[in-house]
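Here the structure is laid out as structure tokens; the discussion comes afterwards.
The values are calculated or read from the model by the stated rules, or taken from the named source; none is laboratory data. Fair warning: this is a prediction, and the values are worked out from it, not measured in the lab. Reconstructed Cβ throughout: ideal geometry from the backbone, glycine too, with neighbour counts over all protein chains shown. To get the accessible areas, we keep the full protein, side chains included, count just its heavy atoms, and leave off ligands, DNA and RNA. Shrake-Rupley method; radii C 1.70, N 1.55, O 1.52, S 1.80 Å.
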Amino acid sequence: IGCTLRLSGLIEAGDADRLESYLAVAPSIENDFSLRRPYSPAIRFGFPVGTHRLCLNSPGGNFLEAIEIAERLGGYIDQYDNSGVLTGVASGDSCVSACSIIFMGGRYSWVPSQDSYWEYDRILHPNGRLGFHATFLNLEDRDYSFAEVRDIQEVNAVAVSRLGSGCIDFRCAA
């Protein structure tokens, strides 16, 4: 599916910073004929293209770190001044829980300085697995007021609705 980077294992604090160091090295699509196969960024968008496809294989992990990674995917600028990173789940791989947040961050724009123009590009191989569920809140063991529970549920509902609308960075209009 044209993977140029892979994220495997549990998502932990600091992964967004580590991923950014890998994103800093542009893929050599023009000179690597093995990447010129169906669904690779080179075929999908034509040349010149310098973005990555981040393939995911993770049981999830840190929800906030996953949001940070998804946000940074949209902020990546390739050597041709295009924005974004594509995502995918390859055959036999699994992306569940917080990993699915990163998967939803797969997008690309070839219109420089046009933050509102995105083409969403996420590939789930037919033999791959993608799983979503509600966020887990690790709360202290005490009684919660009705208002506190309502506020927690509202935050979770807003997060899920924004993901469904393609708004990863949580700064979109409600």
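Scanning segment 9-44 for residues that are in a loop (DSSP other than H, G, I, E, B), at pLDDT 60 or above and surrounded by fewer than 21 Cβ atoms within 10 Å (Cβ to Cβ) yields 9, 10, 12, 13, 14, 24, 25, 26. Scanning segment 45-59 for residues that are modelled with pLDDT of 95 or more and part of a loop (DSSP other than H, G, I, E, B) gives a single hit, 59. Of all residues in segment 93-103, those satisfying the criterion of being closer than 16 Å to residue 1 by Cα and open to solvent by 10 Å² or more (accessible area, probe 1.4 Å) are 93, 94, 103.
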